[in-house]
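Working notes, structure below.
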Amino acid sequence: MPERKTGFKSRTGALREARHNAPVPPTEPLLAVADLRVTLNTARGPADALRGIDLQLERGATLGLIGESGCGKSMTALAVMGLLPAGAVVSGSIRLNGQELVGATDDAMCQLRGNRIGMVFQEPMTALNPLHTIGDQIAEPLRLHDAMSRSAARAEALRLLERVRLPQAAQRLDAYPHQLSGGQRQRVTIAMALACGPDLLIADEPTTALDVTIQGEILALIRELVDESGMALLMISHDLGVMARTVAKLLVMYGGTVVESGPTAEVFAHLAHPYTRGLFAARPRLGAARVDGRKPRLVTIPGRVPELVDMPAGCPFADRCGWVVDACRVAPPAPVVVGPAHAARCIRVGELEGAR
């Protein structure tokens, strides 16, 4: 279907260029997050959900955030989208195409969401309105941001559904979310996220609720659409396999901070932080050797993620780390250079090199 690919690329590219009224300096990344801190109000007191996040994402690049639940991955995405819980206190900087988003008005963020920033959520049933047809839901951002007529938006919705390879796309326009399978619903949410040709696509655990076969199809589709459109991708997952297949650069998050960062292949080849090593050791292994005829036990990281209201003074991973020393509990460790564009926040990086 080369003609569809070309049409998708040219239309989204034209939308992207038309929105950029003022040229952005070529040295500025598409997304630049600096010292991002988020504090939430809870029944137990203030909770530091993000503690000094720094990241940069160039145009057309792919970046992954990985870590266990509660480490700050989705909170980072919600901060970029301006969808943090009421009462959240935010400091630092989030710049998209040179525009500061921290402190932006609700109206300004509404203009960005679904327009310059698209998002694919973990569970499509929560992202889709059960009371509206999928055709109307895809057409809505087109009518809102691109001022399309109802008929033009419907025609574009059909083209998008065909582009994400939804079976029987024309008949599905008037279907409701509950009439589709999980994989089909996720294709619909991808079509919605891409409708207005965003500069940035955020995919938050987009395949977790799907079976393995459909997961592979959805990941391949996302990679294909990102490659041909030139938009940037911020992928959030707890799955190392997903990251290996999807993103060029990786940020490992724990306790609301980035504990390791670098090119994905480099991070996997040189696991520099004990937490990254723990994630790698805990990954399921197909075809692993059996012991006494039984399946091998799944390795886990001992302990649990610290409570946001009771974060340790030093390294957030100290209580679960097999390499911990007294100095780890005194102050948060500074980044240590491991290799080209690869760093880890661990005072024992040199000692871990080559260790099993």
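The values are calculated or read from the model by the stated rules, or taken from the named source; none is laboratory data. Nothing here was measured: the structure is a model prediction, and the numbers come from that model. Note that we place each Cβ from the backbone using ideal geometry, even for glycine, and neighbour counts take in every protein chain shown. Heavy atoms of the whole protein, side chains included, go into the accessibility calculation; ligands, DNA and RNA do not. Shrake-Rupley method; radii C 1.70, N 1.55, O 1.52, S 1.80 Å.
Structure above, values below:
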| quantity | calculated |
| --- | --- |
| Selection within the range 145-189 - β-branched (Val, Ile, Thr) and assigned to a helix (DSSP H, G or I) | Val188, Thr189 |
| Members of the range 328-356 found to be open to solvent by 60 Å² or more (accessible area, probe 1.4 Å) and either within 17 Å of Gly255 (Cα to Cα) or hydrophobic (A, V, I, L, M, F, W, C) (or both), listed by number | Arg329, Val330, Pro332, Ala334, Pro335, Val337, Ala341, Arg345, Ile347 |
| Flag for Val267 being part of a helix (DSSP H, G or I), buried (at least 24 other Cβ atoms within 10 Å of the Cβ) and touching a Leu at 6+ places or on another chain (Cβ under 6 Å) | yes |
| Total residues in the range 116-140, condition at pLDDT 90 or above, crowded, with 16+ Cβ neighbours inside 10 Å and of a type outside the set (D, E, K, R) | 11 |
| Residue match in the range 68-85 (condition: assigned to a strand (DSSP E or B) and on the phi < 0 side of the Ramachandran plot) | no |
| In the range 63-77, residue nearest to the chain's Cα centre (by Cα) [restricted to those that are open to solvent by 30 Å² or more (accessible area, probe 1.4 Å) and either modelled with pLDDT of 95 or more or within 27 Å of Ser229 (Cβ to Cβ) (or both)] | Ser74 |
| Qualifying residue in the range 168-176 (condition: open to solvent by 10 Å² or more (accessible area, probe 1.4 Å), touching a Pro at 6+ places or on another chain (Cβ under 9 Å) and of a type in the set (D, E, K, R)) | no |
| Residues being among the polar types (S, T, N, Q) and out of contact with any His (no Cβ under 8 Å at 6 or more places or on another chain) - total across the range 50-70 | 2 |
| Any hit, the range 85-100, residues being within 22 Å of the chain's Cα centre (by Cα), β-branched (Val, Ile, Thr), open to solvent by 20 Å² or more (accessible area, probe 1.4 Å) and over 22 Å from Pro206 (Cβ atoms) | yes |
| Only listed residue being among the aliphatic types (A, V, I, L, M) and in contact with a strand residue (DSSP E or B) (Cβ under 9 Å, 6 or more places away or on another chain), chosen from Ala153, Ala191, Ala195 | Ala195 |
| Enumeration of residues in the range 208-224 that are open to solvent by less than 40 Å² (accessible area, probe 1.4 Å) and outside any helix (DSSP H, G or I) | Leu210 |
| Residue within the range 101-111 that is closer than 23 Å to Leu144 by Cα, assigned to a helix (DSSP H, G or I) and under 15 Å from the mean Cα position of the chain (by Cα) present | no |
| Qualifying residues in the range 125-144 (those that are in a helix (DSSP H, G or I), of a type in the set (A, V, I, L, M, F, W, C) and out of contact with any Cys (no Cβ under 7 Å at 6 or more places or on another chain)) - the one nearest to Gln111 (Cα to Cα) | Leu144 |
| Which numbered condition Leu201 misses (of (1) crowded, with 19+ Cβ neighbours inside 10 Å; (2) in a helix (DSSP H, G or I); (3) of a type in the set (A, V, I, L, M, F, W, C)) | (2) |
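Rundown of residues vs (1) closer than 20 Å to Ile236 by Cβ; (2) aliphatic (A, V, I, L, M); (3) under 22 Å from the mean Cα position of the chain (by Cα); (4) modelled with pLDDT under 55, yes/no style:
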residue	(1), (2), (3), (4)
His20	no, no, no, yes
Pro29	yes, no, yes, no
Val38	yes, yes, yes, no
Ala79	yes, yes, yes, no
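Results for (1) aliphatic (A, V, I, L, M); (2) touching a Lys or Arg at 6+ places or on another chain (Cβ under 9 Å), shown as yes or no for each residue.
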residue: Met119; (1), (2): yes, yes
residue: Thr126; (1), (2): no, no
residue: Leu131; (1), (2): yes, no
residue: Ala153; (1), (2): yes, yes
residue: Ala157; (1), (2): yes, no
residue: Leu161; (1), (2): yes, yes
residue: Pro177; (1), (2): no, yes
residue: Arg185; (1), (2): no, no
